[in-house]
Amino acid sequence: MRPLALRARHAYMRRIMSPTLGIPLFLLTVIGMEGFAYIAHRWVMHGPGWFLHESHHRHREGNWELNDLYAVIFAVPSIVLLLGGMRLGWWPGCSWIGAGIAAYGAIYFGFHDIIVHKRIATRYLPRSAYMKRIIQAHRLHHVVETKRGTVSFGFLVAPDPLDLKAELKRRRREGVRAPRPERTGERASGRALAEK
């Protein structure tokens, strides 16, 4: 590569990698993704996208469920933004936003699929009040098997489980699944959890 082209490439890379604006943009994206996830979960997955998400509210046999396609769908904007910001000459902030979306996806996978649903074996036991709260809120979301009547649509921010239980009770436990034998790694059936 010629010296002038090399200098131009280095200037471009410094502009992309500038942490002054990039890190706050990355962090804002991670935080903003929780709001996006809430909206997508409440009004898309429990709306017109229920045909995919319904599999997630049913007993799963095997490692995969139709709902897993949402991971692929939500990865596309991250990949496109990373590619555009890094290789296609788009605004450098696109890379940081794409990385923020990917980071939220990794956090979501760790919390939702590994910790809550135990899709990968782990010995993790929640000790902090925060982790106990979001895990219990998400489990209360899953006691309802139907498209309507669910509570708690966030993933990393969740209402008090006592408020969620009161709301399920107020709705007369509409859509709450019937008790079933406990599966390995789960502590309580849906109805038992909703009634505690």
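Side notes on the structure shown:
- Residues in segment 133-155 that are in a helix (DSSP H, G or I) and among the charged types (D, E, K, R) were compared, and the one that is nearest to GLU54 (Cα to Cα) is ARG139.
- The requirement of being in contact (Cβ under 8 Å) with a residue 24 or more places away in the chain, open to solvent by 30 Å² or more (accessible area, probe 1.4 Å) and assigned to a helix (DSSP H, G or I) is satisfied by ILE23.
Condition check ((1) part of a helix (DSSP H, G or I); (2) over 14 Å from HIS142 (Cα atoms); (3) open to solvent by 20 Å² or more (accessible area, probe 1.4 Å)) across all residues:
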site: PHE36; (1), (2), (3): yes, yes, yes
site: ARG42; (1), (2), (3): yes, no, yes
site: HIS53; (1), (2), (3): yes, no, no
site: TRP64; (1), (2), (3): no, yes, yes
site: PRO77; (1), (2), (3): yes, yes, yes
site: LEU81; (1), (2), (3): yes, yes, yes
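- Members of segment 106-132 that are surrounded by 17 or more Cβ atoms within 10 Å (Cβ to Cβ) and in a helix (DSSP H, G or I): TYR108, PHE111, HIS112, ILE115, VAL116
- Candidates ALA71, ALA103 - the one that is on the phi < 0 side of the Ramachandran plot, part of a helix (DSSP H, G or I) and surrounded by fewer than 14 Cβ atoms within 10 Å (Cβ to Cβ): ALA71
- Unique residue being assigned to a helix (DSSP H, G or I), at pLDDT below 90 and either touching a His at 6+ places or on another chain (Cβ under 8 Å) or more than 30 Å from SER78 (Cα to Cα) (or both) when the list is ALA178, ALA158, ALA192: ALA192
The values are calculated or read from the model by the stated rules, or taken from the named source; none is laboratory data. Small disclaimer: the values here were computed from a predicted structure and weren't measured. Every residue, glycine among them, receives a Cβ derived from its backbone with ideal geometry; neighbour counts consider all protein chains shown. Protein only, heavy atoms only, side chains kept; ligands, DNA and RNA dropped before computing areas. Shrake-Rupley method; radii C 1.70, N 1.55, O 1.52, S 1.80 Å.
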